[in-house]
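J.: Below you'll find the structure I mean.
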Amino acid sequence: MNTIFHRHTLILALACPLMFNLQACKSKTSTPPPPTPKKESSVPDLQAKAEEVINNDPRVEIMKVVDGELHIRNVYSGRSVNLPFQSIIDGHYEVVREDEEMAKRYLANQKKKQNWLESTPGRGRCPDWIPSYKDMSIMPTKLHRPLQDGSIWGQISANHKDTEDSIRDFYIESFKQSGLQLTRQHSVNGKLSMIFENSVDPEDTEEETRRVNLSLSKTMDKTDIYIQYQYGFEAVPDTKKPKQKETGEKETGEKETGEKEAGEKKQGNDQTEPTPHG
């Protein structure tokens, strides 16, 4: 019995170091733990940083905070915009970062636009001589502005459930009654374009020149109507048509030349050869 006990004790004594070494090797070859992720800035931290950027820029000011964004405004032009905190921190707020001189130019351009851009119901400042198709739905945005040559240019758009042919026939007849004739017409990719003009004598300073570009196109179950008009521009003389005065002078000159030739011919026939004397 003693012999068996001593053998078991010897085996355990030899096995324990071996098991310890195996466990140590396993620990060395195991995968290391993943690195601790970098802590992201919280929303309050981002807001504080964005507000600091704006407060240090004398050209802009903070109006309010809206859903993770700052509503900021340029102090010179009054132009404002909503931007995320991070965009402001990165300096991406150029749209309102204009200085005083830049703001003056921006305001001047805005004033010009207000003079010709309208967003009102009805026809706006569209002249009375431009007819409206019955019950057509006019879009709220219209254009009406002066050009460099002193004329007025504008645009109005609408739509109607009637066919293109019905609307086309209406405008041809209506413009004809107003003194505007259809001078050009073409169709490209389903869009019909027509130009109406009135005939004005360049020497007549009282009569107003008028031109209309009318376009019709089909969209779903409606016909879109686009009207561009211009009036008050300088009349261009028709170079293909000769002036009456020049024609009269030319005809008179030809007549005089013909009479002269006829006279000379008659005078030649009246002359007789002298009778020889023997």
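The values are calculated or read from the model by the stated rules, or taken from the named source; none is laboratory data. Values in this document were obtained by computation on a predicted structure and should not be read as measured data. Because the Cβ atoms are built from the backbone with ideal geometry, glycine has one as well, and the counts that use them run over all protein chains shown.
J.: Is it the case that SER187 is surrounded by 16 or more Cβ atoms within 10 Å (Cβ to Cβ) and more than 24 Å from SER151 (Cα to Cα)?
T.: Numbers: surrounded by 16 or more Cβ atoms within 10 Å (Cβ to Cβ): no; more than 24 Å from SER151 (Cα to Cα): yes.
When the stated conditions are applied, SER187 does not pass them.
J.: So the check is Cβ under 8 Å with 6+ separation or different chains; which pairs have a first residue in the stretch 81-95 that's surrounded by 12 or more Cβ atoms within 10 Å (Cβ to Cβ) and a second one that's of a type in the set (Phe, Trp, Tyr) and not in a helix (DSSP H, G or I)?
T.: Close Cβ pairs satisfying both conditions: VAL81/TYR93; LEU83/TYR93; SER87/TYR93.
J.: I would also like to ask the following. Condition first: farther than 15 Å from SER215 by Cβ, crowded, with 16+ Cβ neighbours inside 10 Å and among the aliphatic types (A, V, I, L, M). Now tell me which residues in the stretch 139-175 satisfy that.
T.: ILE152
J.: Can you tell me which of (1) of a type outside the set (Asp, Glu); (2) farther than 14 Å from TYR226 by Cα; (3) out of contact with any Pro (no Cβ under 9 Å at 6 or more places or on another chain); (4) modelled with pLDDT of 90 or more is the one ARG125 doesn't meet?
T.: (4)
J.: Select from the stretch 129-157 the residues that are in a strand (DSSP E or B) and either modelled with pLDDT of 95 or more or charged (D, E, K, R) (or both) and list them in ascending order. Explain how you work it out, then say what you get.
T.: Looking only at the stretch 129-157, we keep the residues that are in a strand (DSSP E or B), and these are 137-138, 141-146, 152-157.
Residues satisfying the conditions are LYS142, ARG145.
J.: Of a type outside the set (Gly, Ala, Ser), under 30 Å from ARG145 (Cα atoms) and either surrounded by 14 or more Cβ atoms within 10 Å (Cβ to Cβ) or without any contact (Cβ under 8 Å) to a residue 60 or more places away in the chain (or both) - does that describe any residue in the stretch 50-70? Can you show your working first?
T.: In the first step, residues of the stretch 50-70 are kept if they are of a type outside the set (Gly, Ala, Ser); the result is 51-67, 69-70.
Remaining after also requiring under 30 Å from ARG145 (Cα atoms): none.
Within the stretch 50-70 (the criterion being of a type outside the set (Gly, Ala, Ser), under 30 Å from ARG145 (Cα atoms) and either surrounded by 14 or more Cβ atoms within 10 Å (Cβ to Cβ) or without any contact (Cβ under 8 Å) to a residue 60 or more places away in the chain (or both)), the answer is no, since none of the residues qualifies.
J.: What pairs come out if I take residues in the stretch 154-182 that are touching a residue at least 12 places away in the same chain (Cβ under 8 Å) and pair them with residues that are part of a helix (DSSP H, G or I) and surrounded by 15 or more Cβ atoms within 10 Å (Cβ to Cβ) whose C-beta lies under 6 Å away, six or more apart or interchain?
T.: LEU182/ILE172
J.: Of all helices (runs of 4 or more DSSP H) completely enclosed by the stretch 1-114, which ones contain at least 2 residues that are at pLDDT below 65?
T.: Once the helices (runs of 4 or more DSSP H) in the stretch 1-114 are filtered for at least 2 residues that are at pLDDT below 65, what remains is 2-29.
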